[in-house]
Structure formats: structure tokens, C-alpha cells
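Notes follow once the structure below has been shown.
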Amino acid sequence: HTAYEMPLHERVPPEIFEAILHFCVGFETPFRDLVTLQLVCRSWRDVIANASFLWGTINAAEGLLALHKSLQMAQNSLLSIRFMERSSKIDKTEFFKLVGDRMDRWSSLLVQSRSGLNPAWTALQTKKPPNLKTLHVIASHYTSLIKKPVVLFGGDPAVGLKNLRLTNIPINLTSRQLAGLKALHLEGITSVSADQVIELIIQSPTLEILRLVRLKDAVLLTEPCTGHPDIVSQPPIQLAFLIELHLSTLHLPFLNLLLSILVVPQLRHFDVSCTVDEQPAARFLELGVRHLLPILCDIVVFSPAYQVVLSFWGYYTIRIGELTITIKLSRRFSMDYFYETHEWLSDHMGISLTNLPLHLKLVDCGDMKPSHLEWFTQRTNVTKLTLHSNPWFAPSMERIIPLLGRPTSPPVSSPSPNWLLPRLETIIVSLASYGGNSDIVDMIERRHSASQMPSVGLDGPLPKRFKEIWLASVEKDGLESLIDEDWISNVIRVAGGADVYWAGKKIWPANHMACIGPNVEVS
């Protein structure tokens, strides 16, 4: 063979081939995949066997044999330890006994447990593994009820730790112990105060990701009656490298304070969720994000579309590109709160939402009135509509389908009918298995027929033809039923040139009878 006829891995030095494997295969390749790669040829087998760093992922889900073999092949390389109790094939005590002897080589530890944290947490209370850079510990909600918080690493500084996620952990955090983090995710921590969180952020000026969720005890010691964050004396916190900020279900005055003092010039992802009572939602936005408006405008300026989620369980979400705002209502759902928030965003984000394509998702909105849909028709550009309903716990949404299949009563001054959501091109419905199937067929047929009518002299636009029709929600809610071929055939018949999907799979244009049978199980 000439040099150019030889396989690539025989033409390059072994260390170069190892580097290629490092970038293409990575540290997190499952044990079984590494074994499979060794079967390619003798050269691959030898190179992979000698690349000890590839074997450093120790996953309890792969079983005891794989664990022993991986520890042997990894030799003295750094280890990434993973224990997910739900998928583990090894007893928790046995697993951490085997990997605990190699704590000095841990580079990351990911633990998800439903029945307490011992023995994994016990080892971390005494000392920090010297090479540990990533620590994710996720416990069940009941673990957070433990009264006595534990101390991490015996209280010693966590030198080198860069990525920390703690969920439902009763822990005593000290800011100087965890200084220098790049990613911080605290969720369901009942033992951390607002002052501790602020100090922890101050001690980590190189943070790139900050997520704070359900911090029950993070309450300001002195709460102003007005809820205005300016009254609380706190200097700005400079986070020059922060690109992702997620704040959810925090005490409202504390949330306002955080938003008002964080200086985040590089922010690219903003996700905030809060619960409001009497205070208008727009007032919360005005108080908290006033100084962030130029950054938020940069985040949304090139958004090609946006999404609105309305749930009559008491929340709504507005998502514009990488900006997400969720408002939870402590009382019964009110569309007035949503209208106000939508108008505030439209006025302050430097982007017109009137013509921007909108994906409207209605979740369990059985009480949705025609007037609500008329508001979206007049104020927004809905091009995609999702109707999702849980038949066991939520009111039926089937009444919405007929509203889309006929024009509303025209005003006295207008001789022409007005259609709801006339620019709608994609519809996703999870109602097919709950009854009302004929309404779906009738709605599609009526809108397609109306789209072909002459538009001369009409005040409002005629409905567009559908481009995509998604039936049976892709989101699996456990419901099972049988749908006959005749109904599917009728949907395809009236769909015209639209693509038709069933349970996430495209069935038209296609040989749809080969894709579904007479007894289709819907989930």
C-alpha cells in the first residue's frame, strides 16, 4: 500500500488519532459504545484501549461489570461519576464504596436520588475532591424537609469548583467557600437566606450561568411596604460574563432586588417567573427590569416569532426568542393580567408584536371565550395554534374548534364576516381522542372553502389554508383510545395540500394507510 491508500488512522501518529477521538467521541461516551468502537479493527482497538481518558465516565446505569472494567481501563485518568437512582443497576452503597476510594480523581459528580443522599453526600461533607470541577446533586422534595442543614466539604474552600447545582439539599452555604463559580443552580434550598445568595453571587464575578428556583427562605430582612427595590440599600453587582439568567418562584421583593442590582452586559438568555397578587404584572416588570431594558431589547430584536402559553390553571408565559416571562396568579386566572403584560412588552422591548408570527398555546383553557380569541385576532398575528387538554383533570376545550370553523357575527357597520385567527397556518390538537372529531374535520373544510372566496369588498382577511395539521398531541399524557381509519381519511381529504401528522409522525402526503392501522393506540 502507498501512504495515500492506507486508512487515516494508520497514516497519523497514535497521539494525533487519540486527540481526534477525544474531540469526536468525548468523555461521556457510554462504556458499551467504546467496546463497539474497538471492534472496528486492531488499530482502533489498541488506540482506544490506550486512551485511558476515554474510559473515565463511570455510570451506575451500565452495571457492575462495566464499572469494574471502566475503572481498570481509566487507570489514573480523571473520573466523571454518575449515579441516577432511577436507572441505576448497582446498589447505591456498593457503587459509592467502589468509586469513593478514587475521590482524588473525581472531576465531576452527578447524583440524582429519590431515597436520601447517603452515602454520596457523606463523603462530600468531610472534604472536597481536589480535582472536582462539577457537582450536581438532585434529591427528592422530602430531603429538603430535613431540619439540620449539612456543611459541604467540611467548610473548607471549594477550590477549583466551577459548576454547582444543588436541588432540594438542606445545606449550609458560605459564600467564600464557593467563590469563583462559573455556573450556579440552586433549587428548592430551604436553608439559604437572601443575604447568603447575594453574597455568593458577589464572590463569583465570573458567573456565566445563574439559576435560582424556589428558594423559600430567601426573604429580605427589611421589606419596604411598596415593594420598591430602590429602598433597600445594595450596590450593583457586576457580572460581566453572565449569559444566562433564570429566576423562578422567588419571594417577589427579593426577585425585584436581584433584577435591579445585577449588571449583565453580555446577557443572552433571560427567564423569569414570579407570582403576583394584587400588584399588576406590568408594575413588577417596571420595578425589576428597568435598567435591563437595553439588554433585553438586544435579546429579542432579531426574534423571527414568539410564543404565548395560557393555562387556566393560573399562569401565562410570553417567550420572545431567548426572553421568557412567566406570571403565576395566586387567584383565579384573569386575561386582564395577560393583556397588560403583553402590552407592556410590546411597548418596551423595541419590537412590534402586532405582525410578528405568534405560536399561541392554550393549555386546559376550556373557559376560553370568543372575545379572547377576537383579541388575539385584532392585536396579534397567530400563525400557529396548539390546543392541549388533559381530559382527566381539565375542562373540555372542544368548544374552541367550532369557533374557528365559522365567521363571527359582523359588526353593524361592516357588511362582511370576520374570521378568528385568519392567518393560522399550523394547528396542533390533542382533542382527537376526546370526542368532537367531526368538528375538526368540519372546521378544516370550512376554513379551506372560505379561503377560496373572492376577497373584494371584505373588511377582514379570509382564513388561510392550513400548511400543517398535527393530530393527537406529541406530549404523552397516558390517555389511550382507538381512532378509526375513516376519520383519518376524512381529515386527509379536507386537508388538501397540508401536511398531516398523527402522534408526531407524518402520515400525509404519504401512504397513510401503511402508517396507521384500523386500531391505533393513542398516547
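The values are calculated or read from the model by the stated rules, or taken from the named source; none is laboratory data. Note that this is a predicted model, so its numbers are computed, not measured. No Cβ is skipped: glycine too gets one built from the backbone with ideal geometry, and neighbour counts run over all protein chains shown. Each accessible area value is taken on the protein alone, full model and side chains, heavy atoms only, with ligands, DNA and RNA left out. Shrake-Rupley method; radii C 1.70, N 1.55, O 1.52, S 1.80 Å.
Positive contributions from Lys and Arg (+1) and negative ones from Asp and Glu (-1), summed over other residues with Cβ under 10 Å from the Cβ of Ile325, come out at 0.
Near Lys369, which lysines are there with a Cα under 30 Å away, not counting those fewer than 8 places off in the same chain? By straight Cα distance, Lys369 reaches Lys328, Lys361, Lys384, Lys464, Lys467, Lys476. Near Gly314, once Lys and Arg are set to +1 and Asp and Glu to -1 for all other residues with Cβ below 11 Å from its Cβ, the sum equals +2.
Legend: calculated FRET efficiency, Arg399 to Gln125, from the Cβ-Cβ distance at R0 = 41 Å, rounded to 0.05, equals 0.10. With the whole protein complex present, Val47 retains an accessible surface near 20 Å², based on a 1.4 Å probe. Whole-Hz Karplus values for the stretch 445-452 come out as 5, 5, 5, 5, 5, 5, 5, 8 Hz, taken residue by residue from phi with 6.51 cos²θ - 1.76 cosθ + 1.60 and θ = phi - 60°; glycine and proline positions read x.
In order along the stretch 81-98, the Karplus-derived 3J(HN,Hα) couplings, from 6.51 cos²θ - 1.76 cosθ + 1.60 at θ = phi - 60°, round to 9, 10, 9, 10, 4, 4, 10, 5, 9, 10, 4, 4, 5, 5, 4, 6, 5, 6 Hz, and Gly and Pro are given as x.
Within the same chain, lysines fewer than 8 places from Lys127 are excluded, and of the rest, those with a Cα less than 29 Å from its Cα are Lys69, Lys89, Lys92, Lys97, Lys147, Lys148, Lys162, Lys182, Lys216. Of the listed residues Cys24, Cys274, Cys41, the order by accessible area with a 1.4 Å probe, largest first, is Cys24, Cys41, Cys274.
Between the amide H of Lys128 and any residue lying 5 or more places away or on another chain, no distance stays under 5 Å, with hydrogens modeled in the peptide plane. Full extension of the chain between Arg283 and Ser438 gives 51.3 nm of extra length, using 0.36 nm per residue less the Cα-Cα distance.
Summarising the amide proton neighbourhood of Leu424: residues at separation of 5 or more, or on other chains, whose placed amide H is nearer than 5 Å comprise Lys464. Were the residues from Asn355 through Met335 laid out at 0.36 nm apart, the gain over their Cα-Cα distance would be 5.1 nm.
How much net charge surrounds Arg114 when only other residues with a Cβ under 9 Å from its Cβ are counted (Lys, Arg +1; Asp, Glu -1)? Mind dumping the intermediate values first?
Working: positive: Arg86; negative: Glu85.
Around Arg114, the charge tally is 0.
A simple spin-label model places the labels of Thr36 and Val159 4.2 nm from each other, with each point 7 Å out along Cα-to-Cβ.
Available extension along the chain between Leu110 and Asp499 is 135.8 nm, counting 0.36 nm per residue and deducting the alpha carbon span. Residues whose amide H lies under 5 Å from that of Trp106, counting only those 5 or more places away or on a different chain, are Leu79, Asn131; hydrogens are built 1.01 Å from N in the peptide plane. Taking every Cα-Cα distance in the stretch 266-391 and sorting them into 10 Å bins from zero, the calculated P(r) comes out as 12, 47, 34, 7, 0 percent.
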